[in-house]
Each structure stands twice: as structure tokens, then as C-alpha cells.
1. Cβ-Cβ below 6 Å, separation at least six or inter-chain, first residue in the stretch 211-222 and touching a residue at least 24 places away in the same chain (Cβ under 8 Å) and at negative phi, second in a helix (DSSP H, G or I) and of a type outside the set (S, T, Y): which pairs?
2. Please determine, by comparing only the residues of the stretch 236-255 that are surrounded by 14 or more Cβ atoms within 10 Å (Cβ to Cβ) and modelled with pLDDT of 75 or more, which one is nearest to R177 (Cα to Cα).
3. Among (1) part of a helix (DSSP H, G or I); (2) among the aromatic types (F, W, Y); (3) more than 30 Å from Y76 (Cβ to Cβ), which single condition is F199 missing?
4. Any idea how many residues of the stretch 6-24 are modelled with pLDDT under 80 and among the aliphatic types (A, V, I, L, M)?
5. So which residues in the stretch 207-223 are in contact with a Gly (Cβ under 8 Å, 6 or more places away or on another chain) and among the hydrophobic types (A, V, I, L, M, F, W, C)?
6. Within the stretch 125-153, track down each residue that is at pLDDT 75 or above and either in contact with a Lys or Arg (Cβ under 8 Å, 6 or more places away or on another chain) or under 24 Å from V89 (Cα atoms) (or both).
7. Report, ordered by the first and then the second residue, all pairs with beta carbons closer than 7 Å, sequence separation of six or more or different chains, a first member in the stretch 51-80 that is at pLDDT 90 or above, and a second member that is hydroxyl-bearing (S, T, Y) and surrounded by fewer than 19 Cβ atoms within 10 Å (Cβ to Cβ).
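The values are calculated or read from the model by the stated rules, or taken from the named source; none is laboratory data. What you are looking at is a predicted structure, and each value in this text was computed from that prediction instead of being measured. Glycine gets a Cβ as well: all are built from the backbone with ideal geometry, and neighbour counts include every protein chain shown.
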Amino acid sequence: MKHFLWVYSLVQGITEAIPVSSSSHIRLIAQWMQHPLSLALEGALHMGTGLAFCAMYPSSVKKAFLGFFHVLKGKYTTSEAHWWIFVTVASLPVLVLGGLMHLLHMRLRIPGAIAVLCAASGFLLWWFDRYGPRIYSTKVENFEKGWVFRACMLGALQMLALFPGVSRLGACLLASRWIGYSRSESLHISIVLGIISIFACVTLEAPALVHLDFTLSLWVQTIGITFFSCFAALWMFRCYIQNVSFFGFFYIGVF
């Protein structure tokens, strides 16, 4: 059991940090190793990646928390409040649709479909990264005219990640590049939105987590390996994209 968890944790951490579908790769690994993968175990793996995402951009996480309390106090014009509203609007569509799919047990796990959709989404990201139009030229936290529209567009395209083989990070990067963000800014906004999606997934699986037959040592190993592998992959990916396109990561992921 322990060795399977190490493999799952390592794969989850690396694939969550680059624009390839982490859930699809985990399921393919599970089929290859012929070891059952429960939704509860997926939720446990997401805990480590969620913490890694928080550690990558802690100032933006702090700003979102402050924005939430600013909104509660009626301070809607502060930059913190705008940031919280932006992140919330961009996250709501995928949270609502994902929650409905979870309740209806709608999941597609056909390897062929996963591979085709992974390749298709990789091509689209490459095209938008290199040749796509730029609706705006803007900074992530610059809330001039049009920021609500940008949040809605990010939210709509993030729903593509609910299809098997489509990466949530990749869908956010595609939308961000289309809107006009730079590669580093696109990664920034995608990671912050990913924090909400990941912990929403953990919340949905929380009732099942208590039934996992994990010792404290297994919990520490699972979360620790996932956290450190994800953080390291994120750091390398952030350095890599300064001068190189996203396409290479999809090629590796499909392979």
C-alpha cells in the first residue's frame, strides 16, 4: 500500500503543477498498476497540491482573505475586495458544474478519450500562446475597465477542465493568454484559481476521507510527497515559461 501511495503522490504532485490533466494521469497509472483508486484517495492527494499552490503565491492568498473580510464590512472599492470578487467570479462556474457532476456521479474514464482530449487541449493552448488574439494587455491585479468580463471568461473556460484529459491549469492558462496576460501572469492567476478548485474537491470528499485506512505516518508521507513534488515542479515550470512555450509540457503529458 505504501509504495502505491508514493507513486500516486509523486504523479499527482508533478502533473498538478504543469498543464496536463492530473486526474487523468492518476487514473491511467491506477489502471496500469491494477491498484484501486478511490475518490477519497484523490481528495487526500489534492491536500498536498493545494498547500503547494498556497506556498507558491502566499501574498495573493492573503490578499484574497483580506478581500473577503473587506466585502463583509462593505468596503467594495479596495484592491483586496476587487481581488476577492475577481477570484470568486472566476471560480463559481467550475465549482457549481463540478459539484453537480459529483452529485450525479458523472465521470468518464475511457483512456482513448482522455488521450484525444489531452492532445486537443494541448494544441489549443499552444496556438493561443503563440498566435492567439489578445483582448487586453493587463496585469493580474489591475482592475481597470473590463475586469469583471475577464473573470467571467476565465470562469467559463475553466469548466473545460471537467472533461477527462483537459487540465484545469491548462484551461486557465489558455483563457489567460487569450485575454492578454503574460505567461508568468497567466500562471499566477491559474494557481490562485486552482487553490479554490482543489480545496473545493477536498471538501466534497471530506466525508469519505475519514474512512481511509491511513495511519498518521501514511498521511504525512502522502501529503508531504505531493506537496514537495508539486512545489518543485511549479517552481521549475515558472522559470521555464519565461522564454519557452507551454507546448513541450503537453507533449510530455500525452507521451
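1. L212/A40; T222/L5; T222/A44
2. I241
3. (3)
4. Number satisfying all stated conditions: 1.
5. From the stretch 207-223, those in contact with a Gly (Cβ under 8 Å, 6 or more places away or on another chain) are 208-209, 222-223; that's our starting set.
Scanning the stretch 207-223 gives A208, L209, I223.
6. L125, F128, D129, W147, V148, F149, R150, A151, C152, M153
7. What qualifies is H70/T78.
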